[in-house]
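Participant: The structure is given below, and queries will be raised subsequently.
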Amino acid sequence: MFHLLLEQRLQEAVAAVLPGAETGAVLVRPAADPKFGDYQSNALMALARERKLNPRQLAADVVARLDVADLCQPIEIAGPGFLNFRILPSAVSALLGDALRGRHLFFVPAANPRTVVVDFSSPNVAKPMHVGHIRSTVLGDCLARTLRLLGHRVVTDNHIGDWGTQFGMLIVGWKTLLDADALERNAIAELERLYKTVSARSKEDPATLERVHAELVLLQSGDETNLGIWHEMIRLSQVQFDTMYARLGVKFDHTLGESFYNPWLRGIVDELVAKGIARESDGAIAVFSDRSGPPKDDPFLIQRDGEWTDNPALVRKSDGAFNYTTTDLATLDYRIRTWSPTEIVVVTDGRQQLHFRQFFAAFHRWKPGVATNVKLAHVWFGSILGDAGKPFKTRSGETVKLADLLDEAEERALAVVREKRSDLDDASQREIARVVGLGAVKYQDLLPNRQSDYVFSWDKMLALQGNTSPYVQYQYTRAAKVARDGDFVVGPDTKVLPVEPAELALARHLANFGIVLASVAEEYRPNYLCNYLFELAGLFSSFYEACPVLKAEGPVRESRLGLCQLVARVLETGLDCLGIEVTARM
Ligand code: ARG
């Protein structure tokens, strides 16, 4: 929070010294090294360079106009013109007091709320959700939660894959091989069996392949029987998706699958052709490069043998069917028309990078006026690896089903809870294991830089020590329990007065919660929040070792109890942004 107060006053001082200067880039950030104080600004050096001024002189002039005596010690001008700010304990105390009274939790809601569409999870119908879906689901949910907490208007949309050539196979299977009892027992497993069987047969038997194609054409041309079967398959899949989302605590405002956009596809292709953006190529229609920019930034060009050659994006196949790109163009257009967003974020795996570069570029050419007003972001992530850097698979070499993975996480957590909390009854143990198990899976996924691959490890993610969810959840439990045991209530005169180094370090870290939330939302990087919470948990633990709380007396006891309560609130709120629950006992 302090950075905002300092930033505002610094910008005013800069405006006074350099009338007309663009002060938006004059930022204050937490100092990288506590040696240099709590906050730092290097903005004046850039301003001096632009205006050919002596940076130290500019810094001195600005500082002379800068009144921050209520917040920090006299400002230090370091090196060629850095400003170093050291926050006064009295200011820290006032900030914590406001937080205790519920005036803020170290962040302020966005002054100009953005409307952000977040497209995430988006599994394909008639297939079980597998471990790959955890990343898109958990990342997207975290971004949506964080943006909402910061006061933005968020529209979540699950763009399920409910259209495409796989339905030819599925309908043939449904008509010829369906086992009604199996469907009743486990619909998705039965659909998967149908798909696999027909897919294998059509590789060997041309007649099956022909039938698959015929059923698909019937479906696409609106045949009632096939549409009925297709609807039923979507409904059955949705039941499975909903079970999974309920378990993960994930909600969507909309589930507009690919098929929703069918009515617009033909018109879009016609328009692209009319505008010269797409053209015919071997019976198909594709978007080609307009050669307007440098080849290395052009997603429709690729370098082969030292030459730049065409790398077009198909929008209509030679058989008349439309492509992923076409649907995505329609989707983007619909979202902009319907919700007028400032930003559209799509979360998928990294293998789709070229697709997104191509269709964002195609959209810019199709709707230039519209596209420049919306920030389009493809938030991509790496893979989950098993041992020895290989893709994460079951022992028999199959993809790991998400439901099985979550079951195992809860079971493993339960074994630990049973051992550590044998005093609790079965239901309480299970509830703790549920919260810890699911939290561990989510946290492990959110902690690495999302663009790197990570190695899945049960032992690491469930460890009570280290940068893990159980560790952070446990420190929450402790902090909340101390505040509870101390019968802490906030009164009008309650003061938090951090004095000891461990108290001050904790208090200063609390003050930076908002800046971290903002950078998560800005850069779409939940790992910043994981690291912040881990550090907070560690600072709390050191504080708790160094400073008696319940045994302290009078105002010191009050102050420390207040700190515990704020730590608990920030940990709980931060974990909630990650989609992770907490429990009163662990
Ligand atoms: N269904 C796709 C998949 O399974 C993800 C869709 C993402 N959203 C989009 N608008 N392309 O990879």
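The values are calculated or read from the model by the stated rules, or taken from the named source; none is laboratory data. Quick caveat, the model's predicted, so the values are computed rather than measured. As a convention, Cβ positions derive from the backbone with ideal geometry for all residues, glycine included, and neighbour counts pool all protein chains shown.
Participant: Looking at the range 74-82, can you tell me whether even one residue there is surrounded by 15 or more Cβ atoms within 10 Å (Cβ to Cβ), in a helix (DSSP H, G or I) and over 32 Å from the mean Cα position of the chain (by Cα)?
Facilitator: For the range 74-82, residues surrounded by 15 or more Cβ atoms within 10 Å (Cβ to Cβ), in a helix (DSSP H, G or I) and over 32 Å from the mean Cα position of the chain (by Cα): absent.
Participant: Count, please, the residues in the range 411-464 that happen to be touching a strand residue (DSSP E or B) at 6+ places or on another chain (Cβ under 6 Å) and either part of a helix (DSSP H, G or I) or not hydrophobic (A, V, I, L, M, F, W, C) (or both).
Facilitator: Narrowing the range 411-464 to residues touching a strand residue (DSSP E or B) at 6+ places or on another chain (Cβ under 6 Å): 448, 450, 453, 455-456.
If we keep only those that are either part of a helix (DSSP H, G or I) or not hydrophobic (A, V, I, L, M, F, W, C) (or both) too, we end up with 448, 450, 453.
Of the residues in the range 411-464, 3 are touching a strand residue (DSSP E or B) at 6+ places or on another chain (Cβ under 6 Å) and either part of a helix (DSSP H, G or I) or not hydrophobic (A, V, I, L, M, F, W, C) (or both).
Participant: When the range 150-187 is examined, which residues are found to be surrounded by 14 or more Cβ atoms within 10 Å (Cβ to Cβ), assigned to a helix (DSSP H, G or I) and away from the ligand (no atom under 15 Å from the Cβ)?
Facilitator: Gly168, Met169, Leu170, Ile171, Val172, Gly173, Trp174, Lys175, Ala182, Leu183, Ala187
Participant: Checking Asn467 against (1) on the phi < 0 side of the Ramachandran plot; (2) modelled with pLDDT under 95: exactly one of these is not met. Which one?
Facilitator: Only one criterion in (1) on the phi < 0 side of the Ramachandran plot; (2) modelled with pLDDT under 95 is unmet by Asn467, namely (2).
Participant: Would a scan of the range 169-179 turn up a residue that is charged (D, E, K, R) and more than 30 Å from Glu343 (Cβ to Cβ)? Give the derivation first.
Facilitator: Our first condition is that a residue be charged (D, E, K, R); within the range 169-179, this holds for 175, 179.
Among the residues that remain, those that are also more than 30 Å from Glu343 (Cβ to Cβ) are: 175, 179.
For the range 169-179, residues charged (D, E, K, R) and more than 30 Å from Glu343 (Cβ to Cβ): present.
Participant: Specify the residue that is farthest from Val287 (Cα to Cα); the eligible residues are those in the range 314-324 that are within 16 Å of the ligand (Cβ to nearest atom) and buried (at least 23 other Cβ atoms within 10 Å of the Cβ).
Facilitator: Within the range 314-324, the match that is farthest from Val287 (Cα to Cα) is Phe322.
Participant: Kindly evaluate Glu398 against the criterion of being more than 16 Å from the ligand (Cβ to nearest atom), at pLDDT below 95 and farther than 17 Å from Asp445 by Cα.
Facilitator: Numbers: more than 16 Å from the ligand (Cβ to nearest atom): yes; at pLDDT below 95: yes; farther than 17 Å from Asp445 by Cα: yes.
Considered against the rule, which asks whether it is more than 16 Å from the ligand (Cβ to nearest atom), at pLDDT below 95 and farther than 17 Å from Asp445 by Cα, Glu398 comes out as yes.
Participant: Checking Leu536 against (1) more than 20 Å from Ala440 (Cβ to Cβ); (2) at pLDDT 95 or above, only one condition comes out false. Which one?
Facilitator: (1)
Participant: Please determine whether any residue of the range 21-42 is crowded, with 18+ Cβ neighbours inside 10 Å, among the hydroxyl-bearing types (Ser, Thr, Tyr) and modelled with pLDDT under 90.
Facilitator: Yes, there is a match, as at least one residue in the range 21-42 is crowded, with 18+ Cβ neighbours inside 10 Å, among the hydroxyl-bearing types (Ser, Thr, Tyr) and modelled with pLDDT under 90.
Participant: Could you list all residues from the range 334-352 that are touching a residue at least 24 places away in the same chain (Cβ under 8 Å) and within 12 Å of the ligand (Cβ to nearest atom)?
Facilitator: Of the range 334-352, the ones touching a residue at least 24 places away in the same chain (Cβ under 8 Å) are 334-336, 339-350, 352.
Correct list: Tyr334, Arg335, Ile344, Val345, Val346, Val347, Thr348, Asp349, Gly350, Gln352.
Participant: Hey, Lys296 hits all of (1) within 16 Å of Phe359 (Cβ to Cβ); (2) away from the ligand (no atom under 16 Å from the Cβ) but one; which does it fall short on?
Facilitator: Failing condition for Lys296: (1).
Participant: May I pose another question? Looking at the range 89-121 only, could you name the residues that are among the aliphatic types (A, V, I, L, M) and crowded, with 16+ Cβ neighbours inside 10 Å? Lay out the reasoning, then the answer.
Facilitator: Looking only at the range 89-121, we keep the residues that are among the aliphatic types (A, V, I, L, M), and these are 91-92, 94-96, 99-100, 105, 108, 110-111, 116-118.
The answer is Ala91, Val92, Leu95, Leu96, Ala99, Leu100, Leu105, Val116, Val117, Val118.
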